[in-house]
Amino acid sequence: MPIQLFNTLTNSVEPLVPADGKRLRLYACGPTVYDYGHIGNFRTFLQVDLLRRFLQQQGMAVEHVMNVTDVDDKIIRNATAANVPIQEYTRKYEKAFFEDLDSLGVEHPEHIARATEHIPEMVNLVETLEQKGFAYKAEDGSWYFRIAKFPEYGKLSKKDFDGIEDGARVDVDEYEKDGARDFALWKAPRPGEHRWETPLGPGRPGWHIECSAMAMKYLGDSFDLHAGGEDLMFPHHENEIAQSEAATGKELAHHWMHVRFLLVEGRKMSKSEGNFYTLRDLLLKGHKASAIRFLLVSVPYRHQLNFTFEGLTESTNAIERLRTFHQRMLKGGFAAGRNEEIARLTQKAAEDYTSALAYDLNTAEARAAIFELVRAANASADAGRLQADNATEILAVLAKFDGVFAVLEDRDAAITRTALEWAEREGRMQEVAPELLTALSLSEEQVDALIAERNLARKQRNFARADAIRKELADKGILIEDSKDGVRWKRK
Ligand code: AMP
Ligand code: ZN
């Protein structure tokens, strides 16, 4: 089935096809590692993860590049305030970012490119732009892109820059001015600032040149898809297009995907509003990583997701339902054979799931198709109509769904435990929800008592109770191991 995706550049839903017929070359703007990632950032990374997983499931190879912005205005400001070298400052947050991606089940891109490790490529690009008359050096030693020479400026964000003032400049990385101004490609250092000595003079790269240089290095002058949050459309992506296309004369990316910003409890997320959450904040409040993933992906990427705690609870319950159903299908015990009506429903769920994702990644419809199957199959199983072959087919559909949504495997307790260890190291235990602390504080005696109860339940052949105890212990981070000398346990 051909995969269609909205293209910001053409303002229409178009087939997503690799130009080389083999692999889809994708560049997605990565994090600026100056702080812990928040749920807005992760919504964007998760939607890209969802897309790449689905493409692969449909048999398309993906070559995905993500940059790590480890030098920019904010990083320099924060590292200076903390009085540490920028490298030391950013590594901590970069490491945390990748841990968070793992917690959320995000697959790693094929290439991860740090800005500070690609300075020569950026310098080369600025030199090319200078040779072609698109870049100039200002009196203070900074280099700028001459927008007046690039008439297509604004073609992505559909902003009209007629009558732009030639030579008006802006040197901050992020700006939202409607009036276009020449933006910085290379910034001369302020006193005491980290700098690179280069043929352009001392200084550091502007944010936009990073992505142009790294995208083209790994994917070539032209590639298939460029993605990021909607805030990046202007000026960041517009500037990437200007820099790259001015230098190469070729289209930078054929398709542009922008993920809509999320709201939290109906408002723009902001620290001053008190509705700003990093992934770690939510884990310490006792929310499960799987539920956060599920909530962030369940609303299609072009729709506004309103993140609420009610929604998070709903998401937790939905996953529980899915996992219980999965267990039920795995456990079996159904009569041999195949019920044709259920088989048809199963087939339809699989088709609806695929066609929903194939048309502009409609995660809400894909999810609804699977939950409709869960409802119908549970009812049939209750009525004794579901048969063994149906269970096998349903398991195959669930596996397909989970190849993209990735919420069935229960890694939640282990992830929460890691977050708590981090909170302890960072002195943030006061933020931890009381119920998590209780879970953590199972004493040795309590563990021994539960194990004794489990042994008794097993002797009485009450395996449901025995399993429930094992699960309770696992949720609290206790692993038990049955051996011929009895039961051993350890903390995860
Ligand atoms: P940053 O680390 O700020 O450069 O952002 C990393 C990614 O997260 C970019 O693709 C941003 O567009 C995206 N992003 C930032 N805030 C939000 C938000 N509230 N909702 C969705 N995506 C966001
Ligand atoms: Zn970028």
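The values are calculated or read from the model by the stated rules, or taken from the named source; none is laboratory data. Everything numeric in this text was worked out from a predicted model, so none of it was measured. In this analysis, Cβ positions are derived from the backbone assuming ideal geometry, glycine residues included, and neighbour counts consider all displayed protein chains. These area figures cover heavy atoms from the full protein model, side chains too; ligands, DNA and RNA do not enter into them. Shrake-Rupley method; radii C 1.70, N 1.55, O 1.52, S 1.80 Å.
Which order do 326, 236 take by accessible area at a 1.4 Å probe, largest first?
These residues rank, largest area first, as 326, 236.
Which whole-Hz couplings ³J(HN,Hα) result when phi for each residue of the range 127-133 is put into the Karplus expression 6.51 cos²θ - 1.76 cosθ + 1.60, θ = phi - 60°, listed in order with x for Gly and Pro?
5, 4, 5, 5, 4, 8, x
Give me, ordered by chain and number, the residues 5 or more places off residue 64 or on other chains with an amide H under 5 Å from its own placed amide H.
26, 110, 111
Run through the DSSP bridge list for the chain and note the antiparallel percent, rounded to the nearest 5.
45 percent
What are the ³J(HN,Hα) values, in whole Hz, obtained from phi via the Karplus relation 6.51 cos²θ - 1.76 cosθ + 1.60 with θ = phi - 60°, for each residue of the range 207-220 in sequence order, with x given for Gly and Pro?
Along the range 207-220, the couplings run 5, 5, 5, 4, 5, 4, 5, 6, 4, 6, 4, 8, 10, x Hz.
Find the accessible area per residue for the chain; the probe is 1.4 Å, ligands and nucleic acids are left out, and the unit is Å². It would help to have the intermediate numbers written out before the result.
On the way: 21990 Å² over 492 residues.
Roughly 45 Å² per residue, with all protein chains present.
If you roll a 1.4 angstrom probe over the protein chains with everything in place, what fraction of the accessible area of the chain belongs to carbon and sulfur, to the nearest %?
Carbon with sulfur: 50 percent of the solvent-accessible area.
Would you compute, from DSSP H runs of 4+ residues alone, the mean residue ellipticity of the chain at 222 nm, taking -39500 (n - 2.57) per run and dividing by the full residue count, rounded to the nearest 500?
-15000 deg cm²/dmol
Which pairs break 21 Å Cα to Cα here: 217/250; 74/187; 288/471; 92/288; 159/271?
Working: 217/250 14 Å; 74/187 14 Å; 288/471 16 Å; 92/288 23 Å; 159/271 30 Å.
With Cα atoms farther than 21 Å apart: 92/288; 159/271.
Just report the Cα centroid separation between the range 420-492 and the range 255-308, whole Å.
Cα centroid to Cα centroid, the span is 31 Å.
Arranged from highest to lowest average of other beta-carbon atoms within 10 Å per residue, in what order do the peptides 380-391, 134-145 appear?
On the way: 380-391: 16.8, 134-145: 18.4.
Peptide ranking by packing, descending: 134-145, 380-391.
By accessible area of protein heavy atoms, probe 1.4 Å, what ranking do 43, 114, 488 get, highest first?
488, 114, 43
How large is ³J(HN,Hα) for each residue in the range 193-201, as worked out from phi by the Karplus curve 6.51 cos²θ - 1.76 cosθ + 1.60 (θ = phi - 60°), to whole Hz, x for Gly and Pro?
Coupling constants for the range 193-201: 7, 4, 9, 10, 8, 9, x, 7, x Hz.
Using modelled backbone amide H atoms (1.01 Å from N, in-plane), which distant-in-sequence or interchain residues come within less than 5 Å of residue 307's amide H?
263, 264, 265, 266
Calculate how steeply helix 463-475 sits against the longest principal axis of the alpha-carbon atoms of the chain, using the helix alpha-carbon long axis, and give the answer as 0 to 90 degrees to the nearest 10.
Taking Cα atoms only, the helix is inclined about 30 degrees.
Counting every Cα pair in the chain, what percent are over 30 Å apart?
Summing the P(r) of the chain above 30 Å gives 55 percent of all pairs.
For the range 441-491, take N as its residue count and report Rg(C-alpha) divided by 2.2 N^0.38 Å.
In units of the globular-protein estimate, the range 441-491 measures up at 1.04.
Amide H of residue 153: which non-local residues (sequence gap of 5 or more, or other chain) have their own amide H closer than 5 Å, using H built in the peptide plane?
none
Roughly how tilted is helix 388-405, in degrees to the nearest 10 and between 0 and 90, from the longest Cα axis of the chain?
Long axis of 388-405 versus the principal axis of the chain: about 30 degrees.
Could you list the square roots of 5 times each eigenvalue of the Cα gyration tensor of the range 1-150, that is, the equivalent ellipsoid semi-axes, sorted largest first and rounded to whole Å?
So the three semi-axes of the range 1-150 are 31, 25, 13 Å.
So what's Rg/Rh here for the range 267-405, counting alpha carbon atoms and using the Kirkwood radius for Rh?
Here Rg/Rh amounts to 1.06.
I'd like the orientation of helix 86-103 relative to the chain: the angle between its Cα long axis and the longest Cα principal axis, in ° from 0 to 90, rounded to 10.
So the helix axis and the longest Cα principal axis differ by about 40 degrees.
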